[in-house]
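One structure is given here, and the rest of the page talks about it.
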Amino acid sequence: MSLALGTSIVFANNLPAGLVPVALEDHPAFQNLPGKHSEMIILNDRPINAETPPHLLDDDVTPGDLFFVRNNGLPPNRKEINLKTWSISFDGESAKQKKTYTLDELKSKFKTYTYQLTLECGGNGRKEFNPPAKGNQWGLGAVACAEWTGVRLKDVLQDIGLKSDAVYIAYYGKDMHLSGDPKKDPISRGVPIPKAMEDESLIAWSMNGQDIPLLNGYPVRLVFGGWPASCSGKWLERISIRNKVHDGTKMTGQAYRVPCNPVAPGSKVENEDMCIIESMPVKSLITFPKTGAQIKLNQTLPIRGHAWAGDLEVQSVEYSIDFGSTWKTCELNKPANRLAWQRFSTKIKFPKVGYYEVWARAKDSNGKTQPMLLPGWNPKGYLNNACHRVAIKVT
Ligand SMILES: Nc1nc2c(c(=O)[nH]1)N[C@H]1C(S)=C(S)[C@@H](COP(=O)(O)O)O[C@H]1N2
Ligand SMILES: [Mo]
């Protein structure tokens with residue numbers, strides 16, 4: 001916690017176990033995540049989890065200091081990371097050979113690609129679900145779209161050779177389990193082979209032309225745009241090519257899974273009725289203005305934000321100022337490349353003085369739209385893609 005506060009806690013021995021210093025909840029001035037903006041909202045410090053307020057996600061490409069952090073364990077220390085010797089080993093029952101590449105070998109042997117890729121935590125928006133789900137109470141800001149540079153995972157997999165029975169790739173990172181037990185993984189997930197073989201699936205060493213921030217996986221990580229960000233292994237050391245759906249930590253049971261069929265809120269769902277989350281649902285975020293903005297009656301309010309739709313493209317974005325009763329179309333840009341979020345914008349005139357909410361609603365290329373209030377409840381509180389609501393006062 002001292003790390004997050006940027007100073008030592010003088011009477012730390014007296015701090016009741018489990019009590020989070022109040023400074024971490026609501027005093028940005030005290031917060032000090034290395035390499036991160038001071039207005040990041042820290043949800044937990046062990047492991048570190050921090051989200052970005054929506055109005056700070058206004059850039060087309062999210063800067064590194066504003067990229068959310070979702071850790072399941074303890075990240076490696078920068079001092080333990082040696083760029084010259086860092087390597088990624090490939091193995092598994094469906095690998096034709098075992099092989100290890102240093103980072104330098106990866107960079108020189110394979111062609112480099114750069115894509116803007118959207119990552120969203122599967123639990124983003126969890127705090128709105130009722131009955132509530134355990135876990136980080138993410139608001140809206142566990143999403144970002146950065147420009148990632150690396151090699152295509154498929155080029156490396158082709159160099160290794162996949163047996164015909166290959167089903168899944170699994171990652172292992174250098175972070176440590178919270179218990180400190182080196183035999184336990186904090187998380188080890190992955191993706192099915194078809195997702196691994198997409199052009200945009202990267203082993204990336206650079207975010208926005210710079211080193212990846214330590215908390216986001218420095219020196220190298222996987223990036224699978226459009227899928228729950230939990231698939232995108234950080235501090236990547238090993239990839240295993242599996243002949244079955246990977247069964248690593250947080251792949252099985254209820255983790256990163258939703259009921260295969262809708263259930264009533266509060267239901268208990270058996271493990272065998274839970275399905276792994278793959279492509280994320282269509283969603284949008286208003287990044288300007290900040291909620292609570294005030295304008296004069298005869299002024300025009302510019303609105304803008306981003307929309308994304310998992311593996312799909314966003315077809316349209318609409319806005320409403322009357323609680324979803326009527327909708328008007330926004331301007332919508334094409335994505336910079338597949339799996340990048342898309343900018344939407346419009347200008348709004350309000351009919352009279354008073355309180356309004358601006359709601360945004362995106363539609364994906366299959367014609368699916370965001371739910372206005374909440375999507376189907378699920379036990380772990382994943383996939384909340386409800387419309388973003390921003391409060392406006394017209395005076
Ligand atoms: N090695 C490792 N990779 C990981 C994680 C982790 O804890 N350890 N967290 C996963 C989860 S749940 C998410 S949402 C994303 C978050 O990526 P970010 O911290 O760069 O935003 O990383 C994923 N990859
Ligand atoms: Mo996540």
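Laid out as a table, the results:
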{"quantity": "Single residue of the stretch 326-344 satisfying the filter (of a type in the set (S, T, N, Q) and open to solvent by 40 Å² or more (accessible area, probe 1.4 Å)) that is farthest from SER284 (Cα to Cα)", "calculated": "THR326"}
{"quantity": "Entirely in the stretch 180-231, the strands (runs of 3 or more DSSP E) that have 1 or more residues that are among the aromatic types (Phe, Trp, Tyr) and open to solvent by 10 Å² or more (accessible area, probe 1.4 Å)", "calculated": "202-207"}
{"quantity": "Matching option when the condition is small (Gly, Ala, Ser) and farther than 30 Å from THR395 by Cβ, among ALA340, ALA293, ALA307", "calculated": "ALA340"}
{"quantity": "Candidate set: the stretch 365-395, residues that are under 20 Å from PRO289 (Cβ atoms) and of a type in the set (Lys, Arg); chosen: the one surrounded by the most Cβ atoms within 10 Å (Cβ to Cβ)", "calculated": "ARG389"}
{"quantity": "Every pair of residues 6+ apart whose Cβ atoms lie under 7 Å, when the first sits in the stretch 274-295 and is under 19 Å from TRP377 (Cβ atoms) while the second is surrounded by 16 or more Cβ atoms within 10 Å (Cβ to Cβ) and of a type in the set (Val, Ile, Thr)", "calculated": "MET274/VAL258; CYS275/VAL258; ILE277/VAL258; VAL282/VAL314; VAL282/THR369"}
{"quantity": "Conditions (1) more than 16 Å from ligand 2 (Cβ to nearest atom); (2) among the β-branched types (Val, Ile, Thr); (3) touching a strand residue (DSSP E or B) at 6+ places or on another chain (Cβ under 7 Å); number of the one not met by ILE81", "calculated": "(3)"}
{"quantity": "Selection count, the stretch 183-216, where residues are of a type in the set (Lys, Arg) and in contact with an Asp or Glu (Cβ under 8 Å, 6 or more places away or on another chain)", "calculated": "1"}
{"quantity": "Some residue of the stretch 91-113 being assigned to a strand (DSSP E or B), over 18 Å from PRO219 (Cβ atoms) and within 16 Å of ligand 2 (Cβ to nearest atom)", "calculated": "no"}
{"quantity": "Subset of the stretch 225-251 [within 16 Å of ligand 2 (Cβ to nearest atom) and either under 14 Å from ALA144 (Cβ atoms) or touching an Asp or Glu at 6+ places or on another chain (Cβ under 8 Å) (or both)]", "calculated": "GLY225, GLY226, TRP227, PRO228, ALA229, SER232, LYS234, TRP235, GLY248, THR249"}
{"quantity": "Positions within the stretch 265-277 being farther than 24 Å from ALA229 by Cβ and open to solvent by less than 60 Å² (accessible area, probe 1.4 Å), in sequence order", "calculated": "GLY266, SER267"}
{"quantity": "The stretch 118-162 - residue that is within 12 Å of ligand 1 (Cβ to nearest atom) and farther than 19 Å from VAL282 by Cβ and, of those, surrounded by the fewest Cβ atoms within 10 Å (Cβ to Cβ)", "calculated": "GLY135"}
{"quantity": "Answer from MET197, MET207 - the residue that is near ligand 1 (Cβ under 10 Å from one of its atoms), in contact with a helix residue (DSSP H, G or I) (Cβ under 8 Å, 6 or more places away or on another chain) and farther than 16 Å from ASN71 by Cβ", "calculated": "MET207"}
{"quantity": "Residue satisfying all of: in the stretch 255-265; within 14 Å of ligand 2 (Cβ to nearest atom) and in a loop (DSSP other than H, G, I, E, B); nearest to the chain's Cα centre (by Cα) among these", "calculated": "TYR256"}
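Residue by residue, here is whether (1) more than 15 Å from the chain's Cα centre (by Cα); (2) surrounded by fewer than 17 Cβ atoms within 10 Å (Cβ to Cβ); (3) within 16 Å of ligand 2 (Cβ to nearest atom) holds:
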site	(1), (2), (3)
LYS36	yes, no, no
PRO47	yes, no, yes
PRO54	no, no, no
ASP58	yes, no, no
GLY64	no, no, no
PHE68	no, no, yes
ASN72	no, no, yes
ASN77	yes, yes, no
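The values are calculated or read from the model by the stated rules, or taken from the named source; none is laboratory data. These numbers were taken from a predicted model, which means no experiment stands behind them. Please note: Cβ atoms are built from the backbone with ideal geometry, for glycine as well, and neighbour counts cover all protein chains shown. To get the accessible areas, we keep the full protein, side chains included, count just its heavy atoms, and leave off ligands, DNA and RNA. Shrake-Rupley method; radii C 1.70, N 1.55, O 1.52, S 1.80 Å.
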